Amino acid sequence: MVNTVMFWIIAALTVIPALSLLFARKAVHVAMSVVLVMVGLAAAYVTLSAPFLGMVQIVVYTGAVMMLFLFVLMLVGVDQREDLKETIKGQRWIGLLAAAGLGAFLVSIIGRVTLPTADTMPSGDPEAVAIALFDRYVLVIEVLGFVLITAAVGALVLTHTPRLRPRKTQLEVQRDRVRVGADPVNKPMPGVYARHNALDVPALDPEGKPIEHSVSRVLEIRHQTQEGAEFRAALEDPSRKEGDR
Amino acid sequence: MFPILTVMVALPALGAVLLWALPGGARARAREVALAVTAIELVLAVVLFAQFDMSAAGSFQFSETYAWIPQIGTSWALGVNGIGLLMIVLSALLTPLAILAGWWEDKDDSRRTHYLALILLSEAFMIGIFAARDVFLFYVLFEAMLIPLYFLIGSFGGAQRRYAAVKFLLYSLAGGLIMLVGVVALYFQGPGGDQAFLTDNLTGLDMSTTAERLIFLAFFLAFAIKAPMVPVHTWLPTVAENARPGTTALLVAVLDKIGTFGMLTLCVALFPEAAHWAAPVIILFAVISVIYGALLAIGQKDMLRLVAFTSVSHFGIMVLGIFAFTQTSVEGAAFYMFNHGLSTGALFFVVGFLIHRYGTADVTQYGGLQRVVPVLAGTFLVIGLSALALPGLSPFVSEIMVLVGAFSAAKVAVIVSAVGVVLAALYVLLTYQKVFTGPAPTGKRAKVRELTRRERIVLWPLIALMLLLGFLPGIAIDAVREPAHDIVATVSSQEAGA
Amino acid sequence: MLDLTWLLIAVPLASAAFLLLAGKRADRWGHWVGVGASSAAFVVGLVALIQMLGLDSEDRAHAVHLFTWIPGGELNLDAGLLVDPLSMTFVMLVTFVGTLIHVYSVAYMEHDASRRRFFAYLNLFVAAMLLLVLADSYLLLFVGWEGVGLASYLLIGFWNHKPEYATAANKAFVVNRIGDIGLILAMGLMFTYFGALDFGSVFAAVPQASTAQLTAIGLMLLVAACGKSAQFPLQSWLGDAMAGPTPVSALIHAATMVTAGVYLIVRSAPIFEGAPAAQTTVAAIGAFTLILGALIGMAKDDIKKALAASTMSQIGYMMLAAGLGPVGYAFAIFHLVTHGFFKAGMFLGAGSVMHGMNDQVDMRRFGALRTAMVTTWVTFGLGWLAILGVPPFSGFWSKDKIIEAAFIGDDVQPWILGGAALIGAGLTAFYMSRLFFMTFHGKARWTDEQHPHESPALMTVPMIILAVGSAFLGLILATGDRFVTWLEPVTGHAEHGEPVLPAAVIMVATLLLVALGAWIAWRKYGAADVPETAPAASLATIAARNDMFQDSVNRGVFERPGTHLTRTLVYADAALVDGAVDATAHAFARTGEVTRKTQNGQVRSYALTMVVGLVIVILVVVQGGL
Amino acid sequence: MDPINFVILASILFAIGAAAVLLRRNAIIAFMGVELMLNAANLALVAFSRMHGEIDGQIMAFFVLTVAAAEVVVGLGIIIAVFRARQTISLDEPAELKG
C-alpha cells in the first residue's frame, strides 16, 4: 500500500503548479511550474515502486526537456507576452467545459471501477528494468534509437536556415554601400574626438561637428545620450577652452 | 511449375519501374524499352494460349496460389479459364500496339517515359485482374487500376483532360466502393478461413435470397459503370474525347471489358439466383444501351466521342448476351468481348491517326480524303465495317451469336436490338462519308500523309486477326464454350430450383 | 469438280484482295486479272455444270464441306457449300453475265484512274454473290448477303467525290440493313425453334413446326428479301443506286444481286410451303411492287432510273411467282435468268448510249440514236422485245408462265394476282417501249457538243452475246420444260393446277395488252415529238416521277424524326444524364464549400473538436454500458 | 492507499494539460500542456504497473518518455522555425490549415 500522506503531498505538488499552465501569464513561470510538476511525478514514481523511472524522470524532464523549453523561451524572447483575451469565439468556454468534462468523466469512470491490486511489488530497480528493456523489448529499444536519431536530425533540419544566395564578398558589400549612398567608410565609433566617456557621446566629424548616429540607438531610447550641442558649445567657446586646459 | 501468370503480371510492372528508373539520357530510348517489354509480354501471352488446354477451358489453369494476408483470407491466387485467357491475350496484344500508335506523341523524353510507364503499369493491372482468382485480389487490382489511368487521362490529353480524369475517377470510385461493400458482405457469407476470398470457395454459397441479391447488385453496379451501360455511361465520351487515342483504345478495348468480364465471372457465377432475378431489368437496360448508344453515336461530331458511344451500344449487346443465359448468347458475348477489343482498339487507333494528321477530331473538318489517302480510307472502312459487324470479320460472328442465341430467351429485346444493326450502319457509313468522300480537299488540307509503315503495323495485324477469326472463330470459341456452358448450367439450375 | 466449287468463291476473292493490295504498279494490267478471275470462275462453274448434268437428277445436290466454322456448344455450324441445280443456275448466271460485264467494263472504265479498284470491287461482288447462292446454311448465306451489300455499297459510291453519290451508297447499304434485320430475326427464330441454321437441319425440322412459327420465319425472310430485291416498302434505294457506274447497275442492280431475295424465297421453299399466309404475302408484295415499279418506270426520264424501275417491277414478277408455291418457283427462277440476260443487256446498252453521249442520261436529250449506234440499237431492241414478252423471245417464255400461274388458285386471289400480272405486262410494254422509242427513234434532241458514236468492240461484244441470250435462251430452256425439270429436285414437283381462265385466253390477253402498250408508246414517243423538258403533268405522273413519294415518306417518317430524336438525345445526354452526374458532383462540392468554413485553420479549434469528440465517445461508451 | 488514486490524479493532470492546449495561445505553453498530458499517461501506466505487480507498465512509461523526448526536440524545432518565419509563436497566427 502506498503512503496516504505521500499521495496527498504529491497530488498537491503536481496539481497546483499544473494549474499555472492555465493561469500564469509569463511563459517562464509556467515552465518553472512544470518543472515542479515533473519533480512531483518523479516522487510519485518512486512511491509506486519505480525508483529508477523516477530518477530518469527527473533527469530527462527536469534536467533536459524543461531546460530545452527554457532555452527556446529565451531564444524567442522571454517577453513574448500572451494576451489572455480569447480571440476565437466560444473557444474558452467550450474548451474549459470540454476539458473539465473530460476530466470529470475520467475521474468518475475510474472512481467507479475496482481493480485488483497485486500483492507483489514490481521490482523497479535498474537491474530489473534493464533486463526487461534489453531482453524482451530489445527490438523496441532499437527502434526507439532510430526514432531519437531521426528526431535529432529532424530538429537540425528544422532549425537550420539554408543560405539562399552566395555570401557577399567585401568588394560587393562595399559597392552596394556606395551605390545606396551610405557612408563610404565605416561609421565612426562614438566618442571619437570626444572628451567624455565614449559610448554616450557622439563622434565628431573632421569639421568638429558631432555625428548623431554614431551613438547606439538603444542609448537614445533610454535617453542616456549626451546632447552634442553641449560639446559643440564648449568647443566654440574659446574662453572655456582655455579654462579647461 | 513456372508461374507464368505471376510473371506476366510482374513483367510490365517491373518494366514500368525500369522506365521510371531510367536516367535522363537513356529516356530517349524509353519507347523501345516499353515496346520490348510489351513484346515479351505478348510472346508470353501466345505461349499461354498455346499451352492452354482447350479441352478443359472451363476450369482454371496455370493456377497459382500464395498466401497474401491469410488473416483476412486473401491470397495471391491467379489462374485463367477460357474467357480470362482471351482477355489476357487481348491486353497483351493491344498494349504494344497502343505504344506504337502513340509513337509520335510527346516531344519531351521524360514526359514520354512517364506516359509509357503508366501504360505498362496499366497492363500489369489489367492482366492481374483478368487472372485473379481471388475476389479480394480482383477488387484491389480493380481499384489500383484507377491510379495509372487517372494520370494517363489527367496528364496526357486534350483540353478538358482534368475534368475527364476526375469524372472517370469519381465514377469508378463510386462503383468500386459499392463493390467493396459487396466484397466485405461476401466475406461474411463465405466460409472464412485463410482462403476465404478464393472464387472456388465462394461459388455455390448458401445465402439468403436478399443477401445474394444485394451483393449481386453491389458488384453489378461497379461493373455496369465500368462497361458503360446507360445511364452510367457519361464518363466514357468525356474521357474518350479528352484522353489520348492510345489511352482510350486501351481503356475501351480492354479495360472496360473488366465490366463484362466481372459480370460473367463474378456476378453470374457467384450469384446465379440473383442474376436470374435481375436479368429482365438488366436486359432492358442493355437494350436501351444498344439503341441509345447508337443514336448518340449518330449525333456526334467528334469522332472520339462517336467511337465511345458505339462502344456503349456494343457493350449493350454483350450484356444482353450475358444475361440472356443461353449457351450461344453467352459464348457470343464472351467472344464479342475479344472482338470488340480488336475492332474498337483499331477504330480508336485509326481515328488517332486522322487526328494526328488534321489536329482535330471534328468530322466536319474532314472530307474527300479517299482521293488523297486511299489506303488510309480503305483501312478505316474495313475497321468501320468491323464495328457494324460485317460478316467475314469476327465481330459479326459474335454479334450474330448473341442475337440469334438470345432470341429464345428475350425475343423482344433481340428484335429491338436488331434495330441497332441499322443504326450501326448509319454511324459508320455517315462518318466514312463525311471524312473520306466528297470532293478532294484542296490547299493545305490536301497534303495529308498516307498511312505510314508504323501505322500499318498497328492496324493491319488487327484487321488480319479479325478476318482470321471471322472465318475460323473456333480458335476463340473453343476457349469460351465450356465457361459459357458452366455459367448457363449454374443459372439454369437456379431456374429449375425456383 | 463439284468438290472444287469453293474455287468459284476463292478465285475472285483472291483476285479482289490482290487487286486491292497490289497498289499502283498493277494499274496497267490489273483489270485483266479481274476479268481472268471472273472467267476462271465461269470455267469452273461450267465444268461443274457439265459434271452435274451427267448425274441423275436425284443425285445432283452435292454438299461440299469446307471447314468447321462456328464450333459453339449449341450453335454448331460448318461452312459448306450446297451445289444443286438451283445454286448452279445462279452460278452460271453470275459468272457468265459477270464475266461479260467485266469485259465490258474494261472499255467502259478505261479513262477512270481507279479502274483497278473498280475491278477489285467487281471481283469481290462476284465472290460474295457466289457465296450467297452456294452457301449451305442461312448464316453463311448471310455472309454472302452482306458481302454483296458491301460490294454494292462500294460500287454505288465508286464516284463518291460527288456527295450525292456517296449518299446514295449509304442509302443502299442502310436500307439493305433494314432487310438484314429480317434475316437476323429469321435466324433467331430458326435457332430457337429448330436449333440449327443449316438448310438441311432446318428443312428437316420444318414438318414438326407449327404454322405460326413458320409464318413468322417466312415473314422475316420476306423482309430480308424485300430489302435486297428492292420490293415494297424497301425499294427506295434502287433508283439512287444508279449512281454507280453503269456496268455495276447491269451486274448488281439488275441481273444478280437484287434477285437474291427471290433466291432466298425459293431456297426457303419448305418453310413457305408450311406457311400459306407468308406465301400469300410474298405474292401480294410481288404483285404490288410490279405495278408500283411499272408506274414509276412510266414517268422516269433518266434512262438508268427507268431501267431500275423496270428491274423493280420485273423482280416483282419473280416474287409473285415465288409466292405462288411450287407452281411458281421454277418460273420465278426462269424469269430471273432470262431477266438477268435481257436487263443486263439493256443496261449495257444504256451504258453504251451514255458512253456515246458524254454521260447524258436524260432520255429527252436522246432520240434517233439508232442511226448513230446500230449495234447498240439492235442489241437493245432484242432486249426490249424480250422484256415485252414477244414470242419467241426469252421474256415470253418466262413471263407468260408467271402470268398464267398467277391465275391459278381459289377465291379472289387468282383474279387479283393474275390481274396485276396481266396489267403489269401492259404497263411494261408501255414504259419499255417509251424508253426504247425515246432513245433510239424520233427526232434527234442532242446538244451540240454531243457526237454519238458506237462503242468499241470490248463493249459491243458482250452486248451482242447478251442480246443473243435474250433472244434465244428462253426458247432453249423452255423447250420440253427443260428448265423446270432441271430445278425440280430443289423446288419439288408441282401439281399443275388449272388457271381460272384458259391458258390460251391469258396468253392472248397478255399479247394484246403488250401490243396496246407498245402502240400507245409509239404514238406518244416514237411518232410524235418529245419535248426536251418534262411537261407539266398530272398528279399521278408527278407521283411516279418522285418514286411515289417513297423518299418523302421515309424522310418524313424516319429520317427527320430520327434526326430530331438524335439531336434531342445528344442534348439530353449532355443536359440530363450527364447533367445529373455533374449536379451530384456539384452538390458534394457545395457541401464542401459550406463545411469547409468549419476548417478555420486554427489549431486550437481543431484540438477542441478532438477533445469534444473524445468526450462524446467516452459518453457513448459509458452510456452504452461498456 | 489504493494506487488507483494515482490514476485519478493522472486523469486530472491530463484534463489540465488538455485545457492548456485548448486555451493557451502561446505555442510553448500549449506544448507544455501536451507534455503534461503525456506525463499524466505515464503516471497512469506506472500506477497500473504497480497494481498488476508487473514491470511492463514501467517499461511502457520508458518508451513514452523516450518518444516524448524525441517529440519535444522536433516540436521545439518547429516552434523555432515558425518563430523565425513569422516573429511570433502565437498559435492563432499560422492559419494556413484553413480549408
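The values are calculated or read from the model by the stated rules, or taken from the named source; none is laboratory data. Source: prediction; values computed, not measured. Reconstructed Cβ throughout: ideal geometry from the backbone, glycine too, with neighbour counts over all protein chains shown. Surface accessibility is based on the protein's heavy atoms, side chains included, excluding ligands, DNA and RNA. Shrake-Rupley method; radii C 1.70, N 1.55, O 1.52, S 1.80 Å.
Considering only trypsin sites (Lys or Arg not before Pro) in DSSP loops that have at most 16 other Cβ atoms within 10 Å, the longest stretch of chain B without any of them is B:108-300. The calculated pair-distance distribution of region C:161-229 uses every alpha carbon pair, bins of 5 angstrom beginning at 0, and gives 4, 18, 21, 18, 13, 9, 6, 5, 4, 2, 0 percent. The mean number of Cβ atoms from other chains found within 10 Å of a Cβ in peptide A:111-117 is 4, as a whole number. Listed by chain and number, the aspartates and glutamates whose alpha-carbon sits under 18 Å from that of C:Lys300, ignoring those within fewer than 8 places in the same chain, are C:Asp240, C:Asp359, C:Asp362, C:Asp529, C:Glu532, C:Asp547, C:Asp551.
Mind pulling up the Rg/Rh value for region B:121-161? Radius of gyration and Kirkwood radius, both on Cα. Using only Cα positions, Rg/Rh for region B:121-161 is 1.12. Compared with the dominant Cα axis of chain B, that is its longest principal axis, helix B:209-226 is turned about 10°.
Here the contact order of chain B, divided by its residue count and restricted to Cα pairs under 8 Å and six or more residues apart, works out to 16 percent. Note on B:420-429: average number of Cβ atoms from other chains within 10 Å of each residue's Cβ is 5. For chain B, the fraction of 1.4 Å probe accessible surface lying on carbon and sulfur atoms is 67 percent. Summarising the overall dimensions of region C:299-535 from its C-alpha atoms, the Rg and Dmax are 18.3, 60 angstrom. Taking the charge dipole of the protein assembly as shown about its Cα centre, with +1 at Lys and Arg Cβ atoms and -1 at Asp and Glu Cβ atoms, the residue from C:Ala372, C:Leu66, C:Met312 reaching farthest to the positive side is C:Ala372. With Cα atoms as the point set, the radius of gyration and Dmax of chain B evaluate to 21.5, 72 Å. Dipole magnitude for chain C: computed about the Cα centre from +1 point charges on Lys and Arg Cβ and -1 point charges on Asp and Glu Cβ, it is near 1880 debye. Dipole orientation for region B:132-283: of the candidates B:Asn242, B:Tyr139, B:Ser208, B:Asn242 has the Cα lying most toward the positive pole (charges on Cβ; Lys, Arg +1; Asp, Glu -1). Given charges of +1 on the Cβ of Lys and Arg and -1 on the Cβ of Asp and Glu, with all other atoms neutral, how large is the dipole of region D:4-86 about its Cα centre, in debye to the nearest 20? The dipole of region D:4-86 has a size of about 460 debye. Pairs over the 26 Å Cα-Cα cut-off, from the set B:Lys107/B:Lys444; C:Lys162/C:Lys443; C:Lys171/C:Lys399; B:Lys447/C:Lys304; C:Lys228/C:Lys401: C:Lys162/C:Lys443; C:Lys171/C:Lys399; B:Lys447/C:Lys304. A convex hull fitted around the alpha carbon atoms of the protein assembly as shown yields 272 Å³ per residue.
Each residue of region C:474-565 gets 275 Å³ once the volume of the Cα convex hull is shared out per residue.
Projecting label points 7 angstrom from Cα along Cα→Cβ for C:Ala457 and C:Asp410 puts them 6.2 nm apart.
For a straight C-alpha distance cut-off of 20 angstrom, the aspartates and glutamates reachable from B:Lys167 (same-chain residues fewer than eight places away being disregarded) are B:Glu143, B:Glu241, B:Asp256, B:Asp302, C:Asp573, C:Asp578, C:Asp582, C:Glu593.
Enumerate by residue number the GluC sites (Glu not before Pro) in region B:405-498 meeting two conditions: DSSP loop (anything except H, G, I, E, B), and at most 16 other Cβ atoms within 10 Å of the site's Cβ.
Here the sparse-neighbourhood loop sites are B:Glu450.
Treating the angle as unsigned and between 0 and 90°, give the value, to the nearest 10°, between the Cα long axis of helix B:374-387 and the longest Cα principal axis of chain B. The angle comes out at about 20 degrees.
Counting only Cα atoms, the size of region B:321-448 along its three principal axes is 56, 23, 23 Å, in decreasing order. Sparsely packed loop sites in region C:538-590 (the trypsin sites (Lys or Arg not before Pro) outside DSSP H, G, I, E and B with at most 13 other Cβ atoms within 10 Å) do not occur. If you plug the beta carbon distance of B:Leu170 and B:Ala67 into 1/(1 + (r/R0)^6) with R0 = 60 Å, you get a FRET efficiency near 0.95.
For chain B, what does -39500 (n - 2.57) per DSSP helix run (n ≥ 4), summed and divided by total residues, give at 222 nm, in deg cm²/dmol to the nearest 500?
On the way: 21 runs with 356 residues, N = 498.
Result for chain B, helices only: -24000 deg cm²/dmol.
Element breakdown for region C:180-264 at a 1.4 angstrom probe: carbon and sulfur atoms account for 65% of the accessible area. For A:Ile141 and A:Lys168, the FRET efficiency from 1/(1 + (r/R0)^6), where r spans their Cβ atoms and R0 equals 45 Å, is about 0.40. Once you reduce region B:108-128 and region B:129-143 to the center of their Cα atoms, the two points are 20 Å from each other.
With every protein chain in place and a 1.4 angstrom probe, the accessible-area ranking of A:Val59, C:Val11, largest first, reads A:Val59, C:Val11. Computed from the C-beta positions of C:Arg560 and B:Asp362, the FRET efficiency with R₀ = 35 Å rounds to 0.90. Projected over all directions and averaged, the alpha-carbon convex hull of region C:381-463 occupies 7.4 nm².
Simple rule: put +1 on each Lys or Arg Cβ and -1 on each Asp or Glu Cβ in region B:420-486, find the dipole, and look at B:Thr431, B:Val480, B:Ala446; the Cα lying farthest toward the positive end is B:Ala446. With the convex hull of the Cα atoms taken as the outline of chain D, the averaged projected area works out to 7.3 nm². Per residue of C:189-199, other chain Cβ atoms within 10 Å of the residue Cβ number 3 on average. Angle check, please: helix C:138-156 long axis (alpha carbons) against the longest principal axis of chain C (alpha carbons), in degrees 0 to 90, nearest 10. On a 0 to 90 degree scale, this one is about 80. The aspartates and glutamates whose alpha-carbon is closer than 16 Å to the alpha-carbon of A:Lys26, local same-chain residues fewer than 8 away aside, are A:Asp79, A:Glu82, A:Asp83. Summing Cβ point charges (Lys, Arg +1; Asp, Glu -1) relative to the Cα centre of the protein assembly as shown gives a dipole of roughly 4700 debye. The helix-only estimate of mean residue ellipticity at 222 nm for chain C, built from DSSP H runs of length n ≥ 4 each weighted as -39500 (n - 2.57), is -23000 deg cm²/dmol after division by the residue total. What whole-number distance in Å separates the alpha-carbon centres of region C:261-314 and region D:66-81? Distance between centres, Cα-based: 96 Å. Between C and A, buried accessible area from a 1.4 angstrom probe totals roughly 1000 Å², ignoring ligands, DNA and RNA.
Return the value, in Å² to the nearest 100, of accessible area buried between chains A and D (probe 1.4 Å, both sides summed). Using a 1.4 Å probe, the pair buries roughly 6900 Å².
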